[in-house]
Amino acid sequence: MPDSHDLSEVPRPAAAGVARAGVGGSAAGGGETSRPAVEFRDIDIAYGKFVAVRDFSLSIRKGSFVTLLGPSGCGKTTILRSIAGLVDISGGQIMIDGRRVDDVPIYKRNIGLVFQSYALFPHKNVFDNVAFGLKYRNVPKPEIARKVGQALEMVRLPGSEKKLPSQLSGGQQQRIALARAIVFEPQVLLLDEPLSALDANMREEMRVEIKKIQKETGITAIFVTHDQEEALSMSDRIVVMNAGAVEQIGTPQEVYETPATAFVADFLGKANMLAGTVSKSDGATAVVLAAGQTVNVVCPRPLAPGSKVTIVVRPQKLSVGAAVSANRLSGRVVSASYLGGSAIYEIDVGGKTSIRANAPISGRVLREGEAIDLGFDPEGCVLLDEDGQRIS
Amino acid sequence: MERRWTLYDPRLAWMLVAPVLLLLIFFLVLPIAVMAAYTFFTFVTAGVETSALTTANWHEFLTDSYYHGFLLKTLRVGAMTALLCGVLGYFPAYFIWATTFKHKWLLLLLLIVPFWISFTIRTFSWINILGEQGVINVALLKLGIINEPLPMLYNEGAVILGLLHFLLPYMILNVYVSLEGIDRTLISAARSMGCTSAQAFREVTLPLSLPGLAAGLLLCFVLAAGSYVTPQLLGSGRDALFGNLIYDTIMGELNWPMGATLSIVLFVVLGFFAAIYTRYMGMSQIVKGLAG
């Protein structure tokens, strides 16, 4: 199991810069100690013989925005549906605000749900759609009208009460779905890939919108997506999942900059993975032979010479040409894409290793076939062991 | 200049529609027109009529309450059959839709199996079930529960039963198709907002399946009101429907002009109901909502 199954609440570092888990935790000292909004304890979910989720544990702080990120079929939607009660768990416990809900029927759970397909009632107008949850909570009529008005105001579609869903665009429908899910002030808001049915422009707009509304209302939100950009830009914390299990839990910065496993490194932002062999190591650094050349990397503990490791380097952490200061590797440009401020190079090193670098342009953009130097700081990378786990 | 053909050429569209259009014109529109013309012909004696134009047939239909009674009764039986089909057909349709049974296609196939046997033979089979020597009466007599056979055949109940037997699959399929069109996440959404299963059914499933139910009701009504074989086989003379009246007029009395008049009447009345129904039952409105 990855060592990062850290269940303690790790607040997102307020200031810029890399904050390790421990540092952030102590900085928050004496902060919120109330019980988590949602807590999973050793959840297993199986469909017949197929185990969709195994041994899933997570606790989510009130008012935070947590994303379950992973490829399709990794179990993230199943977990979301289990909170809602749409899927039965086969083991473990789910608590909402300290109350066990495994046996609570779905209609008594008080959760707001936003679906990828919007799931607006096509035969009801916008008002009746948004008022739906309030009606079943016996809210008096004038109060319903007021709250629906407020919710529509919040999603910036006031005055659309009389329209049918089919008269709205995709983005508008999803706003109404959001209004419908938050209007009765549920304990948790569940968002199941709410942006993937929208076109690219609308998606970015809705991303900001959802985040803003979540902040304004202070609602606890659980967001499911396979889009790493959505996850990185919106979340307080990201749970990276693969094949029914958790790979890593952390702030966006943590999972991006210090991936716990090879899967996380590859899934978030396609990091370069250099296979190598340790030739010398002390408690702080290691010398690794990779792609036929020697590099120095930071290493938290001594490693036995001869052990196999993988060096994970983000394309942005690589420098090219004159900018290289450490760990100089030489290679040849396979392809170059000009992006204006920077360029992306595919570089062949030693005939076997292909490296992707995203570097600011100084001088001219190198062309295919030209020799190129690249390098990275010893601190600018993460070391994985033979099993693909981060060495710490 | 010769225009080049394109994939969505209107000329191509007309050519593709032409066979059906010709069939409809020659085998539907023209015969009806001929029948309509016949209603103004003069009946001389059995099997003989002249083309001297008259309104006598229409006058007879409009003034003789004998015909009106048959017409009203036909509409009543049709409506009753349709309503019974709706009530009895919704549940199997809902069951087939909701079941988690792996081989759903088998259940749907079962609905279609009766169509493999001739409709007339299926209707006849009721005689072996309900007749004086039928299964039920013989069994009850043998068990000593009754002393003489129950009169279950040759009454209006038997006619409606036969029509139900014939029409239920149409109703079930219609309702099933509209249920199948419902996005199931809508039900999850309703449940997550506080509905019990029964409330979610009332709020979402039922209203969204109404177009199918409405279409099924109309279909069953029109088919039942236009039926001829079932009342002929399972009803007594008093249980005849308008279709039987037409048959008797044409084949018994050999009065073709009056037979044509009655046929046109049934055609117009059922067509009128179908038109009013589709226009005012809000079906188009619901369909529009579903399109989103």
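Taking the number of other C-beta atoms within 10 Å as the exposure measure, put A:D199, A:D373 in order starting with the fewest.
Values: A:D199 11, A:D373 15.
In order of increasing Cβ crowding within 10 Å: A:D199, A:D373.
Average partner chain C-beta neighbours within 10 Å, per residue of A:166-175?
Whole-number average of other-chain Cβ neighbours for A:166-175 is 1.
So between A:E216 and A:A145, what do we pick up on full extension, going 0.36 nm a residue minus the alpha carbon distance?
23.5 nm
Please go through the residue pairs A:K62/A:K211; A:K308/A:K352; A:K124/B:K104 and name each one whose alpha carbons sit more than 19 Å apart in this structure.
Details: A:K62/A:K211 15 Å; A:K308/A:K352 17 Å; A:K124/B:K104 30 Å.
Violating the 19 Å limit, Cα to Cα: A:K124/B:K104.
To the nearest whole number, what is the average tally of beta carbon atoms from other chains within 10 Å of the beta carbons of peptide A:239-246?
Working: counts 0, 0, 0, 0, 0, 0, 0, 0.
Taking the mean over all residues of the peptide, I get 0.
To the nearest 10 degrees, how steeply does helix A:141-154 sit against the main Cα axis of chain A, on a 0 to 90 scale?
Its long axis makes an angle of about 20 degrees.
Would you work out which of A:G276, A:V239, A:T310 lies farthest towards the positive end of the dipole of region A:231-312? Charges go on Cβ: Lys and Arg +1, Asp and Glu -1.
A:G276
Treat the count of other C-beta atoms within 10 Å as a stand-in for reagent exposure and order A:V298, A:V148 from fewest to most. The partial results should precede the final answer.
Numbers: A:V298 14, A:V148 23.
Arranged by neighbour count, lowest to highest, A:V298, A:V148 become A:V298, A:V148.
Among all helices in chain B defined by DSSP H, which have a length of 15 Å or more along the axis from Cα atoms plus a Kyte-Doolittle mean of at least 0.0? Walk me through the numbers on the way to the answer.
Working: long enough: B:10-24 (20 Å, 1.87); B:65-98 (49 Å, 0.96); B:119-130 (17 Å, 0.98); B:156-180 (34 Å, 1.41); B:206-225 (27 Å, 2.11); B:256-280 (35 Å, 1.44).
Helices meeting the criterion: B:10-24, B:65-98, B:119-130, B:156-180, B:206-225, B:256-280.
Using only Cα atoms, figure out Rg for region A:246-392 and give it as a multiple of 2.2 N^0.38 Å. Please report the intermediate quantities before stating the final value.
On the way: Rg = 15.1 Å, N = 147, 2.2 N^0.38 = 14.7 Å.
Ratio of Rg to 2.2 N^0.38 Å for region A:246-392: 1.03.
Each label point is 7 Å from the Cα along the Cα-to-Cβ direction; what then is the distance between the points at A:R99 and B:A37, in nm?
Reported label-point gap for A:R99 and B:A37 is 7.9 nm.
At a Förster radius of 56 Å, what calculated FRET efficiency corresponds to the Cβ-Cβ distance of A:Q253 and B:F272, to the nearest 0.05?
Here the calculated transfer efficiency is 0.20.
Looking only at A:P378, A:P259, A:P122, which one moves most when chain A is put into a Gaussian network model with springs between Cα atoms under 10 Å?
A:P122
Relative contact order of region A:78-219, please, whole-number percent, based on alpha carbon pairs below 8 angstrom and at least 6 residues apart. Mind showing how you got there, number by number?
Numbers: 174 pairs, mean separation 43.0, N = 142.
Over region A:78-219, the number comes to 30 percent.
Only Lys, Arg, Asp and Glu count, each charged at its Cβ (+1, +1, -1, -1), so figure out the dipole size of region A:271-384 about its Cα centre, rounded to 20 debye.
Values: 11 positive and 8 negative charges, 29 e Å.
Approximately 140 debye in magnitude.
Provide a whole-number value for the mean count of partner chain Cβ atoms within 10 Å of the Cβ atoms in peptide B:200-212.
Working: counts 2, 0, 0, 7, 6, 0, 0, 4, 3, 0, 1, 1, 0.
Average neighbour count from other chains, rounded to a whole number: 2.
Roughly what % of Cα-Cα distances in region B:55-291 sit above 25 Å, to the whole percent? Before the final figure, lay out the partial values.
On the way: 15184 of 27966 pairs.
Value for region B:55-291 (Cα pairs over 25 Å): 54 percent.
Please state the shape class of region B:98-187: rounded when a/c is under 1.5, otherwise prolate if a/b exceeds b/c and oblate if not, all from the C-alpha gyration tensor. Don't skip to the end; give the middle numbers.
On the way: a/c = 2.77, a/b = 2.39, b/c = 1.16.
Prolate shape, in that a/c is at least 1.5 and a/b is the bigger ratio.
Once you list every other residue whose beta carbon is under 9 Å from the beta carbon of A:I96, what net charge do they have if Lys and Arg are +1 and Asp and Glu are -1? Before the final figure, lay out the partial values.
Values: positive: A:R99, A:R100, A:R109; negative: A:E39, A:D97.
So the surrounding residues net to +1.
Separation between the A:N296 and A:A326 pseudo-spin-labels, each 7 Å from Cα along Cα→Cβ, expressed in nm?
In this crude label model, A:N296 to A:A326 measures out at 0.7 nm.
What full-extension length gain, to one decimal in nm, is calculated for B:M15 and B:W58 as 0.36 nm per residue of separation minus the Cα-Cα distance?
Numbers: separation 43, 0.36 × 43 = 15.48 nm, distance 4.04 nm.
Gain in length upon complete extension: 11.4 nm.
Give the Debye-formula value of log10 I(q)/I(0) at each listed q (0.06, 0.08, 0.12 Å⁻¹), with one equal scatterer per alpha carbon of the protein assembly as shown, two decimals each.
-0.59, -0.84, -1.27
Hey, what's the Kirkwood Rh for chain A if you take every pair of different alpha carbons, in angstrom?
Working: mean 1/r = 0.0430 Å⁻¹.
Across chain A, the inverse of the average 1/r is 23.2 Å.
Using Cα-Cα distances under 8 Å and only pairs 6 or more residues apart, what relative contact order does region B:55-291 have, in percent? All intermediate terms of the calculation are to be shown ahead of the outcome.
Details: 234 pairs, mean separation 65.5, N = 237.
Answer for region B:55-291 is 28 percent.
Work out the P(r) tail for region B:4-104: percent of alpha carbon pairs separated by more than 21 Å, whole number.
Numbers: 3567 of 5050 pairs.
Counting every Cα pair in region B:4-104, those more than 21 Å apart make up 71 percent.
When A:S117, A:S233 are ordered from fewest to most other Cβ atoms inside 10 Å of their Cβ, what list results? Don't skip to the answer; put the middle values down first.
Numbers: A:S117 17, A:S233 14.
Fewest-to-most Cβ neighbours within 10 Å comes out as A:S233, A:S117.
Helix-only estimate, please: 222 nm mean residue ellipticity of chain B, summing -39500 (n - 2.57) across DSSP H runs of length 4 or more and dividing by its residues, to the nearest 500. Intermediate results must be reported in sequence, preceding the final value.
Numbers: 15 runs with 199 residues, N = 292.
So the helix-based figure for chain B works out to -21500 deg cm²/dmol.
Suppose we look only past 29 Å in the calculated P(r) of region A:33-266. What percent of the Cα-Cα pairs does that tail hold? Walk me through the numbers before you get to the answer.
Numbers: 7355 of 27261 pairs.
Of all Cα-Cα distances in region A:33-266, 27 percent exceed 29 Å.
Work from the charge dipole of chain B (Cβ charges, +1 for Lys and Arg, -1 for Asp and Glu, about the Cα centre) and give the residue of B:W14, B:A52, B:Y176 farthest towards its positive end.
Selected residue: B:Y176.
Given Cα pairs under 8 Å that are at least 6 residues apart, what percent is the relative contact order of region A:271-384?
Working: 292 pairs, mean separation 32.9, N = 114.
Relative contact order, region A:271-384: 29 percent.
Once every DSSP H run of n ≥ 4 in chain A is given -39500 (n - 2.57) and the sum is divided by its residues, what mean residue ellipticity at 222 nm do you get, rounded to the nearest 500 deg cm²/dmol? Let's see the in-between values first.
Numbers: 9 runs with 90 residues, N = 392.
Taking each H run of at least 4 residues, the total per residue is -6500 deg cm²/dmol.
What lysines does A:K49 reach when the alpha-carbon gap must be under 20 Å and sequence neighbours fewer than 8 apart in one chain are set aside?
Cα-Cα hits under 20 Å: A:K76, B:K102.
What spacing in nm lies between the two simple spin-label points modelled at B:R238 and A:R156, each 7 Å away from Cα in the Cβ direction?
The two pseudo-label positions are separated by 7.5 nm.
The numbers here are math on the coordinates, done by the rules we state, and not lab data. Computed from a predicted model, the values in this text were never measured in an experiment. Positions of Cβ are generated from backbone atoms using ideal geometry, with glycine treated the same way; all protein chains shown enter the neighbour counts.
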